[in-house]
Amino acid sequence: MIARFTLDRLYRSAKVGVAGVVALAVAHWFRLPQAYWAAISAFVVMAGDVAATVRASRNRLFGTAIGAVTGAVFSYFCGGNWWSFGLAATATVLLCSLLNLEQSYRLACVTVAIVMLIQGVGSPWLIALHRFLEVALGIMVALGISALPPRESGSKAQVAPSSHG
């Protein structure tokens with residue numbers, strides 16, 4: 001089944017696109033080294049309503065912070081080898097679990113991988129800081145754009161009738 005075109009769907013789609021462009025532009029303006037992470041983060045947290053965007057933003061921000069710190073610590077003290085990467089991912093999941101941030105561990109591990117495995121210029125601390133700033137910027141843009149009118153109407157979308165009867 002294909003859903004019907006509605007203005008709500010068009011507005012939501014446009015808001016996601018605008019959030020990605022704004023996040024990318026602001027990250028470039030701040031000269032963040034991998035500005036695309038701001039746009040990706042905006043896309044990851046944008047949801048159909050402000051409350052869902054806030055929940056996703058919280059999980060993404062906490063996960064990124066934990067992953068950035070854990071990745072930097074393990075990279076700095078243990079190096080960027082596969083064993084320290086595996087230990088860092090394990091420690092990240094455990095830390096998220098102990099902090100009751102079960103919804104954050106996947107994104108935290110993604111950040112560990114970025115900090116530890118993607119070759120960057122500078123110390124692991126600088127790489128982790130950049131990643132956190134890029135993600136936080138994308139989240140702030142997504143929150144701002146999602147709060148702009150028009151908001152989701154809350155009504156159920158109508159579905160086009162199936163051609164199969």
Exclusive hit being within 28 Å of A128 (Cβ to Cβ), under 16 Å from the mean Cα position of the chain (by Cα) and of a type in the set (V, I, T), set T70, T64: T64
Check on R31, outside any helix (DSSP H, G or I) and either surrounded by 18 or more Cβ atoms within 10 Å (Cβ to Cβ) or at positive phi (or both): yes
Hits in the range 88-117 - residues which are without any contact (Cβ under 8 Å) to a residue 40 or more places away in the chain and either under 11 Å from S75 (Cβ atoms) or in contact with a Leu (Cβ under 6 Å, 6 or more places away or on another chain) (or both): A88, L117
Which numbered condition Y11 fails, given (1) surrounded by 15 or more Cβ atoms within 10 Å (Cβ to Cβ); (2) modelled with pLDDT of 95 or more; (3) in a helix (DSSP H, G or I): (2)
Condition check for N81: of a type in the set (S, T, N, Q) and at pLDDT below 95: yes
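If you go through the range 56-74 one residue at a time, how many are within 16 Å of G138 (Cβ to Cβ) and out of contact with any helix residue (DSSP H, G or I) (no Cβ under 7 Å at 6 or more places or on another chain)?
Total satisfying the criteria: 1.
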Failed item in (1) surrounded by 22 or more Cβ atoms within 10 Å (Cβ to Cβ); (2) under 12 Å from the mean Cα position of the chain (by Cα), with I114 passing the rest: (2)
Failed item in (1) modelled with pLDDT under 95; (2) more than 30 Å from R12 (Cα to Cα), with N100 passing the rest: (1)
The listed residue being β-branched (V, I, T), over 20 Å from V112 (Cβ atoms), surrounded by fewer than 22 Cβ atoms within 10 Å (Cβ to Cβ) and within 13 Å of the chain's Cα centre (by Cα), out of V44, V50, V54, V26: V54
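Does at least one position in the range 58-75 carry a residue that is over 30 Å from A88 (Cβ atoms), without any contact (Cβ under 8 Å) to a residue 60 or more places away in the chain and surrounded by fewer than 21 Cβ atoms within 10 Å (Cβ to Cβ)? Walk me through how you get there before you give the answer.
At the first step, the residues of the range 58-75 found to be over 30 Å from A88 (Cβ atoms) are none.
The answer is no, given that none of the residues of the range 58-75 is over 30 Å from A88 (Cβ atoms), without any contact (Cβ under 8 Å) to a residue 60 or more places away in the chain and surrounded by fewer than 21 Cβ atoms within 10 Å (Cβ to Cβ).
The values are calculated or read from the model by the stated rules, or taken from the named source; none is laboratory data. Keep in mind it's a predicted model, so treat the numbers as computed, not measured. Note: ideal-geometry Cβ built from the backbone for every residue, glycine included; neighbour counts use all protein chains shown.
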